[in-house]
Structure formats: structure tokens, C-alpha cells
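Undergrad: Here's a structure for you.
Quick note: the coordinates plus some simple rules give every number you see, no bench work behind them. This one's a predicted model, so the numbers in the text were calculated from it and none came from an experiment. In this analysis, Cβ positions are derived from the backbone assuming ideal geometry, glycine residues included, and neighbour counts consider all displayed protein chains.
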Amino acid sequence: MKPAMPYSKPATDIFANRQRWAQLGQDKTVVVTGANSGLGFFASLGLAQAGAKVILACRNQSRAEAAMEQIRLRVPGADLEFMQYDSARIESAMGLAAELRHRPLDVLIANAGIIRAPQIRHEGLLGYEQIMSTNFIGHARLVGELAERFSQPLRFIGLGSMSTRMLSTDPQNLALERDYHPYRAYVQSKAIVQAFTIALDHRLRQLELPGRALAIHPGYSVSGLSPQIAQINEPGYSKRLAGQLQASFAQGKHEGAVALVEAALAPELDVAPRGSYLGPKYLTKGAITLARPAKATRGKELQSKAWQLFVRANEGLDPFAL
């Protein structure tokens, strides 16, 4: 997939891209859900380095404050703010949207989610299991509540996963009421995020709205290959060793976070083809480039299912109805 104008690949970690992103964040407000650790933290750090105001939308205020402290140590004068958000709760999505509705907002990065799914199925929102609820449904309500903001050039960034190319998704069993498996729960939640984000980008074009929705995946990013940061990333010896043993095909979260920041700030992406998708050059790691998402997430069947779930998350209202 090629953009309408040349797209130069960024460097492979957020620190090496400091000059590339310099000033791109000026006068921009970016919300990062789940920003107190992992990819969310390193993306917030990269955005702060670029001069953006970063709103860390997190469940735990003390952890968010610890993250802000560590960012300010590295970016003195960083413009940071905490807002309460639990992506597994509809009421929390409504509350965050109410705070954001009449404030400047340029980018919404839907990063919060669960990677390690429970071994047994836990009931979540709308009859779906916990992983789909946390990784997609809560964010779907947040997008619905903020739909009017897409009449401005707001970017929504949906975090997919390379795992969507490794395990098929069953559109008829998205709630996993049968044959539940933790890895399948994770993969299907990410497939729905990708499918919805791609569908939203096309819908915005149909409505002739200036907003964009960009799907990304961060590759195989592990804490054992990430910089050690007090209270944020402190992997023990075993995780460090595991990271080194996987270094040929894995990367650190400071590298995976490049996809999030690039999707948020790269000016070339304003005119990239609808349904654009960013990911590492070598699938699991490497420089971020325009990539090709899993076939199912590009298809009408899964996109239709994702959109139906989006409408259900918004109590039967389609805020982007044609």
C-alpha cells in the first residue's frame, strides 16, 4: 500500500525519532488510554518530546502520576494531565468523553487493553468476554460519544496486533460463548479493533469528514528489551534473559511505541489512502512502514460485525450513520 505522497520511514525507537518529531506535537492535544505503562507510557514520552500536550487516560491515578513524573524527568516542562478512564466500563467512557467534549483534541490513541487473557471466560460488557470488553467495547463507546469531534481533523488510532495474521477470527463466535481460549480472545479482540478502525476511516470519507482513523500494530514488543524505568518498567532477570533470547525477532516497547507516535503526528498520513495500516517492516520488529492488515480485517464480513458491535456499545445509535 502506497500513500499519495512519499512516506519516509522513521527510526526504530522513540528516542532516535526526537528530531523527526520535533515541533510536530506543538499545539496538539493527544489522549493516550492506558498511558501509565508499556507502549502507552513510551508513546506518551515520545509525544511529550514532540511538544504535544498529553492526557494520560488511566484507571489508576497514582500509577499515572508516577508515569508523568518519569516523563517530566526526561522532558522538563512537559505538558501532561491525568484523566480517569477504565476501558472495561461504559460509564467510564462516558465520563471521559464528557471531560473531553469541549476541550481541544487532535488525537485519540486507544491503547488501553489486556494482553494476558484469563484462562477461563469472564463475562464482560454486552454479553462478550472480558478481553473484547476491555480492548474494544469501552473504546467503541468513547468514539461514539466523541463522534462530533470528527468534523475536525481528529485522528483516532486503533491498536491492532500482528497476531491477527496468525490465528483466524470466527465472525460467528466473537463473544466466545463456546470454545473459549485466552489467545483466541486476545486475537479476536484485536481483529475487531483493526476491522472497526479501517471501517471508520472509510465511513469518515463517505461522510466527507476531515477526521481519520488509522490502524497500527506495534510488532512483538516486550518489557525485557525495553529501557528500565523506575515504577514503569522494571523487568527482573528472567524477563531480561527471555528478552535477549528473543532479540532476533522481538523489540522493546520504546520501539513498538514508534507506530503510535508516528500515526499520531506524521503529516503525510493526512493524505494516506483510506484504510491505511502501520506496522514494523519485518512484521515482528523493524522500522515502521505502511503495511497490509490481515485479510479478514479488510473484509466486509468482519467490518460489518465490528460496526454492529460499535452500534450496540452506543445503545443502538450509529453516530456515523450515512
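Undergrad: Starting from residues that are acidic (Asp, Glu) and surrounded by fewer than 18 Cβ atoms within 10 Å (Cβ to Cβ), keep the ones in region 138-194 and report whichever is nearest to residue 103 (Cα to Cα).
TA: Among them, the one singled out is 148.
Undergrad: Quick one: in region 195-211, of everything that is closer than 15 Å to residue 303 by Cβ and of a type in the set (A, V, I, L, M), which residue is surrounded by the most Cβ atoms within 10 Å (Cβ to Cβ)? Reasoning before the result, please.
TA: Step one: filter region 195-211 for residues closer than 15 Å to residue 303 by Cβ, giving 195-206.
From what is left, the residues that are of a type in the set (A, V, I, L, M) are 195, 198-200, 204.
Numbers: 195: 32, 198: 26, 199: 24, 200: 28, 204: 20.
So the residue we want is 195.
Undergrad: Quick one: which residue in 193, 187 is of a type in the set (A, V, I, L, M), assigned to a helix (DSSP H, G or I) and without any contact (Cβ under 8 Å) to a residue 40 or more places away in the chain?
TA: When all the criteria are applied, what remains is 187.
Undergrad: Among the candidates 263, 306, which residue alone is crowded, with 22+ Cβ neighbours inside 10 Å and either touching a Phe, Trp or Tyr at 6+ places or on another chain (Cβ under 7 Å) or without any contact (Cβ under 8 Å) to a residue 24 or more places away in the chain (or both)?
TA: When all the criteria are applied, what remains is 306.
Undergrad: Before we move on, is residue 126 outside any loop (DSSP other than H, G, I, E, B), on the phi > 0 side of the Ramachandran plot and touching a residue at least 24 places away in the same chain (Cβ under 8 Å)?
TA: yes
Undergrad: Read through the list (1) surrounded by fewer than 24 Cβ atoms within 10 Å (Cβ to Cβ); (2) in contact with a Gly (Cβ under 7 Å, 6 or more places away or on another chain), then give the number of the only condition that residue 52 fails.
TA: If we test residue 52 against (1) surrounded by fewer than 24 Cβ atoms within 10 Å (Cβ to Cβ); (2) in contact with a Gly (Cβ under 7 Å, 6 or more places away or on another chain), just (1) comes out false.
Undergrad: Hey, does region 102-112 have a residue that's out of contact with any strand residue (DSSP E or B) (no Cβ under 8 Å at 6 or more places or on another chain), on the phi < 0 side of the Ramachandran plot, of a type outside the set (A, V, I, L, M) and in contact (Cβ under 8 Å) with a residue 12 or more places away in the chain? Full working, then the answer.
TA: Here is the first cut: in region 102-112, the ones out of contact with any strand residue (DSSP E or B) (no Cβ under 8 Å at 6 or more places or on another chain) are 102.
From what is left, the residues that are on the phi < 0 side of the Ramachandran plot are 102.
Checking the rest, the ones that are also of a type outside the set (A, V, I, L, M) come to 102.
Pick out the ones that are also in contact (Cβ under 8 Å) with a residue 12 or more places away in the chain and you get none.
So far as region 102-112 goes, no, none of its residues is out of contact with any strand residue (DSSP E or B) (no Cβ under 8 Å at 6 or more places or on another chain), on the phi < 0 side of the Ramachandran plot, of a type outside the set (A, V, I, L, M) and in contact (Cβ under 8 Å) with a residue 12 or more places away in the chain.
Undergrad: I would also like to ask the following. May I ask you to list the residues in region 218-246 that are surrounded by fewer than 16 Cβ atoms within 10 Å (Cβ to Cβ) and under 24 Å from residue 264 (Cα atoms)?
TA: 227
Undergrad: State yes or no: is residue 31 over 22 Å from residue 222 (Cβ atoms), under 20 Å from the mean Cα position of the chain (by Cα) and surrounded by 18 or more Cβ atoms within 10 Å (Cβ to Cβ)?
TA: Criteria met by residue 31.
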